[in-house]
Amino acid sequence: MLNLFTLFHDLPADPRFRRELQEINPQERVSHTLVCPMADIWAEYGQKAIGRIYCEEFHPACYSHYAFDRSQVNLSKTLTQDGDEYCDFNVILRPENLPDELKPQCFEEYDPCYREPEIPHVETDGKKGFAQLSIKLYYYLMKCASMELGEAGIRAVREGLGRFAEAMEQMFRKRAEKDGLRVDRGYIKDNLPVDLDTMEDAAMWADYSGYNAREEMQKYFCDRLAELLGF
């Protein structure tokens, strides 16, 4: 079933977030996000306005696409908005907004042949989920830059990867010092979605090998970050 319960039930948990779940069922999910690491980063760099754009654009696009572009996302508060103390999510998917042929795919009461699937419980890995998202986002950025701007676009992505490595090095050192930790390979492995050795994530890169994306990531981000950290 493709509904709001299955969507949010199957998402990998991220321990960096803190949420209060108000309600979840196939038609509705209401929750408050009290701590968001992304909002913290945007606030730290004085870029909450950019974070607000992300909140307003990503969540409706993501949740709506999962449910055949028929769901609604009401985001009345966000931590990226001055004065808001939490993110207020209300995601809705109503059968009345679906054509008859899609209703059985989303709601069991519309499928007379529905049987509860016998699927064993599988522990989800939040880090792998974010690694896959990071690879996808980077790959399509590289693809669009190459298609629209050619070699100039690729050079721009390379420069961006290098600057990102520099920013991450500073952030890791600052936060590790604050927490009384040492920035070693173990620390980076725990806090960076992708591995510094991209071949460790080779299976994830398999469908995103075009434009030498993995090799570019390795050379201009991973190797550069390792060099800055003295590895």
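The values are calculated or read from the model by the stated rules, or taken from the named source; none is laboratory data. On a predicted model such as this, the values are computed, not experimentally measured, just so you know. Virtual Cβ from ideal backbone geometry, glycine too; neighbours counted across all protein chains shown.
Observations on the structure shown:
- Candidate set: the stretch 74-116, residues that are within 29 Å of the chain's Cα centre (by Cα) and among the hydroxyl-bearing types (S, T, Y); chosen: the one farthest from L2 (Cα to Cα): T80
- Residue list for the stretch 198-221, restricted to those being outside any helix (DSSP H, G or I) and surrounded by 18 or more Cβ atoms within 10 Å (Cβ to Cβ): Y208
- When G180 is tested against (1) at negative phi; (2) at pLDDT below 95, only condition (1) is not met.
- Any hit, the stretch 177-196, residues being among the basic types (K, R), touching a residue at least 12 places away in the same chain (Cβ under 8 Å) and under 22 Å from R16 (Cβ atoms): yes
- Residue, nearest to C87 (Cα to Cα), within the stretch 13-34, restricted to residues that are among the aliphatic types (A, V, I, L, M) and in contact (Cβ under 8 Å) with a residue 60 or more places away in the chain: V30
- Condition met for R158 (under 26 Å from the mean Cα position of the chain (by Cα) and among the basic types (K, R)): yes
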